[in-house]
Each structure stands twice: as structure tokens, then as C-alpha cells.
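Asks: Take this structure, written in C-alpha cells, and hold onto it; I'll ask about it next.
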Amino acid sequence: MKRLITAALVAAALIMSCAGDGDRSSPVTLMIGGAPAELDYWEKVIGDFTRETGIAVDLMRQPTDTDQRRQSLVVPLRAGEEDPDVFLMDIVWIGQFAASGWLEPLDGRIAGDGFNLNVFFQGIIEFADRYEGHVVAMPVYVDAGLLYYRKDIFQEHLTGKVPETWPELVEYCRVAQRSERRLHPDFWGFVWQGAQYEGLVCTFMEFALSNGGQLIDRNGNLTLDDPRNIEALEFMRDLIVTHKVSPPNTYTEMKEEEVRTFFESGQALFERNWPYAWGLHQAEGSPVKDRVGIALLPRFEGGRHAATLGGWHIGMSRSSDRKQDAWRLMQYIVSEPVQTGFALNLGWNPARQDVYNSPEIVENLPHLVALKEVFRTASPRPNLPYYSLLSRALQAELNKALSGMATAEEALKSAQAQGLEIMATYEE
């Protein structure tokens, strides 16, 4: 009887093992969101993967909206459901998902397969994809804030190089506005993300870091009300109210797409946006096609050029029942050929450094070569499990300052107090 029981237990263990990593009676599930063209290309990617490996993949489509994508992931992960096995995450979700125990640590699989993490931008791996010493995600594509400018207006009305400092940018805007508004009364100097959402935090970080400020110091202390941050926020408000080089609806309407379409319509000299805008500005039918340049965002005197790191990362659910095949899919998605395909077909910025040296990339997307150094030095937002709570509080206070409902000092002191409460609550 003992032998029969032991045999039954061993058989049950083997069945469970096969269901977890070897049972291919059901497909691996990949949860992805985005625009229709992106989802269509993902269908091609997983079709190629299945033909190469024999592993079936079911694409679970998510909404385009980032917040809705996050919520559609949180529900099954929190419930410990087997699907999705693999999914994309915004860079700022990684800390929360890892702290909640939803992400499968990848260290053993990386070491076992000899997978080389050095192909990626190392700052991204160290500051975004590691949590408490473990690799829990890998980057699929990267983003960083850039300055777009109208080359034709520079040639016609301005002399000198692209502005190095923020005060120089203001002066360039004033000159261009005086000239352009003779024929285009709605022309503005500089459009950027100022509405109350995550993009405002990204923009504020760039102004603050370029002034020597920071959100959190090296010891993990919250420093939102640092005097240098206050000065940076005051300058952002001045762009709208005092200098009048940014439109009044900056703090009510301006998100990525609103900024892009405003600039693309020919109504602005400068635009702060992510690299995705480049391909759209250069598309057939774009009013600014071949008239746009890109540069580093300016800095304050004594500061440095700063860009907020963005992008999407791939992770595996700890509750996945197909971890071995899910890992093979993850490796495939971050491989050099697939990353090159994402760049050429979707305009995504590869997370692998070696892709930037590809002859195909150099020939077809030469602007990416110039962006490589921007991605290498971009600054991530704090990798905290409660970042989403901290961000929401900061968004509201930043927007109050831009709208004039509070001074920059009042807004950041309020954000600091709320942030300390969030930290204390989480650590209890």
C-alpha cells in the first residue's frame, strides 16, 4: 500500500510539472495592448514564433489606454489566474507588480540559458527591471523625452544652434512668435505635456533634473519640495503666464497626442515629446515632413540635459502554467531580429544596443543612431511599489501650480506631505 501511495504521489507530481511547463494542449497567452497597427504586427510576431518553435500563442488584446491596460492586468494577476502567461508592462508598473508577488523572477532562467543581459542598456536593467536584487522583467522598447524643432523656421528667422538652456529656448520662441504670427496668429513657441496625468510628472522631472533637483535622493528620502524643484516648477508656469510662449490650454488639454498634432499642424517652433512622434512627423501627408529636427532637451545654467526614461517591458506571471514556453517566447521577443522588426515596422526604439548598429537601422532610421546616447543616460522614475499613488498626488499638485491655484512652493510642499504619508502607510 505504501508503494502504491508513493507511486501515486510521484505520478501526480509529474502531471503537475507537465501542466506547469510542458503541457501544450493549451496555448501560451500573451497580453498586449496598443494601436490596431501594433496589434496586427504582434500577430505576425507570434505567428513567426509558432512556426519556428511549434509553440502556440494566444494573443489577448488589451485597450489602447494605458490605465485600462494596467487594470486589465491587475485583475487576473491579483487573482492568481494562470493566464496571461506573458505580458507587457509600462516601466512604472514593474515595482508595484514585483512587490505584489505577481512577477516570476528570471535570474535562474537567465543563468541557465546563458542569456546575455549586457545587450540591453544597462541603466534600464539595473534601475527598472531589477527588484530587490532579482531580474523580474526585460525591456522591449525604450523611450525618453526629446526636443523637436522646426528646421525651416530656424533657417528663416533664427541663427545659431538649437538652444542649450531653457532661457535661450524662451528667447528663440519670442523671436519666432513675432515673425510667424504676422501670418499665423495662433503660432506658439513651445508645446509640452502639462495636463494632469503621468506625462506631467515626466515633464516636471526633466525640468527639475536639468536644474539639479531630484524626486528622491540617494538615501531614498523624498525631496519633492527641494528649492531647485520649486524653481523648475515656477519656470514651467512662467512659460505659460509670464513668457507666454506656451499656449494657455497647456495645463488643461496637452497630452502626448495633443502636443504632437499641434506641432505637426505647423503651429509651434518646439515640441517636447517621445520618439514615437518622429515617424508621424515624417509620414506622407504630414505638414512638417522633412522640416523637423530633434535635439536634447535644454537645461538650466549649471544643470545638465535630462530626459525621463519611458518604455514597455515584458514579464512573466508567477501563476503561469507554461513557464518554460513563456520564457522561450520572452527570449524571442527581445531577440535582435524581432527588435529590429519592431523598429522598422512600428518605429519603436530598440532596448538592445546592438540593434542600433544594424545596417538596416542605419540606412532606414538614421535618427535612431543619434538617440542611442539619450537612451543610455535617461533617468527612470522612482522604482517604488507605491509609485502610482505618489504620482497621482504629484500630478494634482503640479497641475494646481500650472493653473495658478497654488504657488509652486505650496504645491510641492503639499505633494511632499502627501508623499510622506503614502510612504509611511506602505511601510507600516
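Please treat every number below as a calculation from the coordinates, not as lab data. Predicted, not measured: the structure shown is a model, and the values here were computed from it. Neighbour counts are summed over all protein chains in view; Cβ atoms, including those assigned to glycine, are modelled from backbone coordinates with ideal geometry.
Asks: How big, in percent, is the set of alpha carbon pairs in region 116-185 lying more than 20 Å apart?
Replies: Everything past 20 Å amounts to 53 percent.
Asks: To continue, here is another question. Only sites in a loop by DSSP and with at most 13 other Cβ atoms within 10 Å count here; which trypsin sites (Lys or Arg not before Pro) in region 227-334 make the cut?
Replies: Here the sparse-neighbourhood loop sites are 289, 304.
Asks: Taking the Cα centroid of region 344-366 and of region 273-332, what is the distance between the two, rounded to the nearest whole Å?
Replies: 12
Asks: Among the lysines, select those whose C-alpha is under 25 Å from the C-alpha of residue 151, and discard any that sit fewer than 8 residues away in the same chain.
Replies: Residue 151 reaches 161, 244, 255, 289, 372.
Asks: Can you give me the long-range amide H partners of residue 188? Hydrogens built in the peptide plane at 1.01 Å from N, cutoff under 5 Å, separation of 5 or more residues or another chain.
Replies: For residue 188, the qualifying residues are 268, 269.
Asks: Here's something else I'd like to know. Which value, to two decimals, describes the C-alpha radius of gyration of region 221-322 once divided by 2.2 N^0.38 Å?
Replies: Values: Rg = 18.1 Å, N = 102, 2.2 N^0.38 = 12.8 Å.
Ratio of Rg to 2.2 N^0.38 Å for region 221-322: 1.42.
Asks: What ranking of 225, 113, 152 emerges when the number of other C-beta atoms within 10 Å of each C-beta is taken as an exposure proxy, fewest first?
Replies: Numbers: 225 18, 113 11, 152 14.
Lowest to highest Cβ neighbour count: 113, 152, 225.
Asks: With springs connecting C-alpha atoms under 10 Å apart, model the chain as a Gaussian network and identify which of 249, 219, 211 has the largest mean-square fluctuation.
Replies: Of 249, 219, 211, the Gaussian network model singles out 219 as fluctuating most.
Asks: Which net charge results when you count Lys and Arg as +1 and Asp and Glu as -1 among the other residues whose beta-carbon is under 11 Å from that of residue 357?
Replies: Net charge around residue 357: -1.
Asks: While we're looking at this one, here's another question. Counting other beta carbons within 10 Å of each residue's own, what order do 48, 217 fall into, fewest first?
Replies: By the 10 Å Cβ count, ascending: 217, 48.
Asks: Would you be so kind as to identify all helices of the chain, as entire DSSP H runs, whose Cα atoms reach 18 Å or more along the helix's own axis and whose mean Kyte-Doolittle hydropathy is at least -1.0?
Replies: The answer, listed by residue number, is 2-17, 36-53, 66-79, 166-180, 227-241, 366-377, 387-403, 408-427.
Asks: For the chain, what is the calculated [θ] at 222 nm in deg cm²/dmol (nearest 500), taking -39500 (n - 2.57) for each run of four or more DSSP H residues and dividing by its residue count?
Replies: On the way: 18 runs with 206 residues, N = 428.
Roughly -14500 deg cm²/dmol at 222 nm, from the helical runs in the chain.
Asks: Related question: Given the options 341, 108, 34, state which has the largest fluctuation in a GNM of the chain using a 10 Å cut-off (strictly under) for Cα springs.
Replies: Residue with maximal mean-square fluctuation among 341, 108, 34: 108.
Asks: Could you put 26, 391 in order, starting from the residue whose Cβ has the fewest other Cβ atoms within 10 Å?
Replies: Going from least to most buried by this count: 26, 391.
Asks: Please identify, among 193, 177, 68, the residue showing maximal mean-square fluctuation in a Gaussian network model of the chain using a 10 angstrom Cα cutoff.
Replies: Residue with maximal mean-square fluctuation among 193, 177, 68: 68.
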